[in-house]
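Structure first, commentary second.
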Amino acid sequence: MASVNILDYEILTSQGDLKESVNKIKDDKTKISFRKNIPFYSFEEKITQNQKSIYDALKKLISKIVLKLSDDSKKSTALLVGTSIIDWNLVDAINSCAYEYKKTSYNSHKTSIDTYAKNLSDEFGLNGFTMTINTACTSSANALLEASNLINSGIVDNVIVVGLEIYLPLMSDGFYKMELISNTHAKPFDKNRDGLVLGEAIGAILVGKSDSKWSLLGGFSNCNSATITSVGASGDECVEVIEEALDRLKLTPKDITALKAHATGSISNDEAEMNAISRVFKNGIDFTAMKPYIGHTIGASGVVEIALFMGCIDGGFIPKTLFCDESISKTHMPLTKHKECKEGLFMCNYFGFGGNNISLVIEKKS
Amino acid sequence: MKKVAINIINAHKIYAKTKLEDLDEKRLVPSMMVRRRLTRNSKVMLYLSDRCNFSGTKIVYGTCYSELQEAAKMADAVINNGLLSPTSFQNSVYNTAPSYYSLINKNKDEVITVSSGMKTSLDTLKTAALQALVSKEQILCVAVECINIPNIEEVNRCTSYLEAGVAVTLEIADDMIGAKEIEDSYRVDGIIDSLQDLMSVVGMYENSIKKIVVEL
């Protein structure tokens, strides 16, 4: 499997831009907020739920990356979006016809979910190849693998991979009503964990062949679920994807410096993931979770968590896992203190709804 | 842009004004418990994959409107403080149909779900061609739209057929010789635009044009 280099990355999370988010993690100053009395990691400056507002936020973020590209590079740069947000014209349609007591006017000329990618590509003079992937929690992680395919097939030289997730009442209320949301914090791998906390974020990663200290070595994505929503408690499905990723890259568990877990803080998925970590990394591994800092950003989490993790490594540390006081495993415990680290091989895992699972490996060379 | 040629191995399309009947569910999904949970998109996808005799493992699935029926049920429950059905919540994500396919067929390979508005089936085809190019394997490329929900007539401006699906199995061709561009003349009148590009490919296949150019 041929690798691609990670040339640039930017994020906007509830904690601010990349630098602000990393600094708040380092200094233990991340904050959680609430939406409709439900814990939620919101942007400091609200991005309203309409296409223009979302587009403007994406444009501002991506312009930081595109401005560094030459005109020739732009012409060979594709743009992929990974998101799980529902199409806004879909929401409008539902609003207009599903609730019989509350009719609203419906404008059928609204643009669709892929419009962000196509319009951004046009606006920045990019190559024109766009794709919008929607595989729940693994959306933008899958987009990273597709970007790698595009580059290694010689179709484009660079790809900007975007992760996008904005607060959506339907999704937030849905998770809450299903009693999947914690009333306080996500506590990944802790014995007293009681659910996840959602968050909004956007992120962009530029991958290509130019030299860089960071690279995406590759990984493995599949669709295999014990049920339609989750992996089995044994962690078999997680083990499968982790081991296949390692095999394809000709790596062993010992080669991995540290692991960024999916770690939602939910009862069943954490159990499955911990079982998988214990089984694959029998001799132990430094592992951590990003969600207690920025929330579960669903479709954006692939890009945003990797970018944030890289930002922390660039800052010289692997972040600790917040709120894990007593691990559910007797043998494996996530990091309880920030750990100094400046380079190495890092595995990033995502295990999502519908059994879409993916394991990626990134590397930072000194 | 790079052009590649794909061989269409099998193809099938299906559509109905209101509801697709006889999707052969009992044979395709013997377990009654699983069958009861399936969404409309899932049933159509399972049917199409069977009609295409797909025996491979890599799938690219596309949908513009996703699981509209399940999303509407969920929205209604949230707004009215009603009981939110766990099944509807679980079934509301875009990748529900291929996930059920994987579960039922014990398929454990890569599955990509694409949503690109009215260009969904074209982008699904492009993604499938890319997958075929990289993996050298056969790919199932399928796109489905089922939007038959209560009061849909009040907002429907885009289709005469509330349930429709289209699928091809494809592989990368060795060369471009004889490969044809997708021809709009094979579109099916009244079908939602998000499916039309793939409908054209199926139409070409039915007219013995089985080698297609895809621009990546």
Legend entry - Computed helical MRE - 222 nm, chain A, DSSP H runs ≥ 4 contributing -39500 (n - 2.57), nearest 500: -9500 deg cm²/dmol
Legend entry - Local electrostatic count at A:Pro169 - Lys and Arg +1, Asp and Glu -1, tallied over other residues with Cβ under 9 Å: +1
Inset, instruction - Using only the alpha carbon atoms of segment B:1-84, find the Kirkwood hydrodynamic radius as the inverse mean reciprocal pair distance, in angstroms to one decimal. - result: 15.7 Å
Inset, instruction - Give me the Debye-computed log₁₀ of I(q)/I(0) at q = 0.14, 0.16 Å⁻¹ for segment B:1-157, equal point scatterers on Cα only, no solvent, two decimals. - result: -0.73, -0.94
Inset, instruction - Quick one: among B:Val166, B:Val201, B:Val78, which has the greatest mean-square fluctuation in a GNM of chain B with alpha-carbon springs under 10 angstrom? - result: B:Val78
Inset, instruction - Partner chain Cβ atoms within 10 Å, averaged over the residues of B:69-75 - can you pull that number for me? - result: 5
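Within a Cβ distance under 15 Å of B:Tyr186, other residues only, what is the Lys/Arg minus Asp/Glu net charge? If you can, show how the numbers build up before the last one.
Numbers: positive: B:Lys13, B:Lys180, B:Arg187, B:Lys210, B:Lys211; negative: B:Glu181, B:Glu183, B:Asp184, B:Asp189, B:Asp193, B:Asp197, B:Glu206.
Counting the neighbours of B:Tyr186, the net charge comes to -2.
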Inset, instruction - Calculate the radius of gyration of the Cα atoms of segment A:217-366 to one decimal place, then report Dmax, the largest Cα-Cα distance, as a whole number, both in Å. - result: 14.0, 42
Inset, instruction - Fewest Cβ neighbours within 10 Å first, please rank A:Lys191, A:Lys330, A:Lys213 accordingly. - result: A:Lys330, A:Lys191, A:Lys213
Inset, instruction - Extending each Cα 7 Å along its Cβ direction at A:Ser366 and A:Lys26, get the distance between those two points in nm, one decimal. - result: 2.0 nm
Inset, instruction - Partner chain Cβ atoms within 10 Å, averaged over the residues of A:116-128 - can you pull that number for me? - result: 1
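Return the inverse of the average 1/r over all pairs of distinct C-alpha atoms in segment A:105-257, which is the Kirkwood hydrodynamic radius, in Å to one decimal. Walk me through the numbers before you get to the answer.
Numbers: mean 1/r = 0.0534 Å⁻¹.
This gives a value of 18.7 Å.
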Legend entry - Helix axis angle, B:120-135 relative to chain B longest principal axis, alpha carbon, degrees: 60 degrees
Legend entry - For A:Phe323, net neighbour charge (Lys/Arg +1, Asp/Glu -1) across residues whose Cβ lies under 9 Å away: 0
Inset, instruction - Compare B:Val60, B:Val93, B:Val44 in a GNM of chain B, Cα atoms joined below 10 Å, and give the one with the largest fluctuation. - result: B:Val93
Inset, instruction - Report, to the nearest 10°, how far helix B:96-105 tilts away from the longest principal axis of the Cα atoms in chain B, using its own Cα long axis and a range of 0 to 90°. - result: 80 degrees
Legend entry - Longest exposed-site-free window of chain A, the sites being GluC sites (Glu not before Pro) in a DSSP loop that have at most 12 other C-beta atoms within 10 Å: A:180-325
Legend entry - Computed [θ] at 222 nm, deg cm²/dmol, chain B (DSSP H ≥ 4; -39,500 (n - 2.57); rounded to nearest 500): -10500 deg cm²/dmol
Legend entry - Per-bin percent of Cα-Cα distances, the protein assembly as shown [10 Å]: 4, 19, 30, 28, 15, 4, 0
Inset, instruction - Calculate the mean, over all residues of peptide A:132-144, of how many other protein chain Cβ atoms lie within 10 angstrom of the residue's Cβ. - result: 5
Inset, instruction - Go through A:Lys29/A:Lys337; A:Lys24/A:Lys64; A:Lys19/A:Lys342; A:Lys24/A:Lys291; A:Lys254/A:Lys320 and tell me which ones have a Cα-Cα distance over 18 Å in this structure. - result: A:Lys24/A:Lys64; A:Lys254/A:Lys320
Inset, instruction - May I ask for the angle, rounded to the nearest 10°, between helix B:193-206 and the longest principal axis of chain B, with both axes built from Cα atoms and the value confined to 0 to 90°? - result: 50 degrees
Inset, instruction - Using every Cα-Cα pair within segment B:64-207, state what percent have a distance larger than 20 Å. - result: 55 percent
Inset, instruction - Would you please put A:261-270, B:103-112 in order of how densely packed they are, using the mean number of other Cβ atoms within 10 angstrom per residue and starting with the highest? - result: A:261-270, B:103-112
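Every number in this text was worked out from the coordinates using simple rules, so none of it is lab data. Since the structure is predicted, the reported quantities are computational estimates derived from the model, not experimental observations. Heads up, the Cβs are rebuilt from the backbone with ideal geometry, glycines too, and the neighbour counts pull from every protein chain shown.
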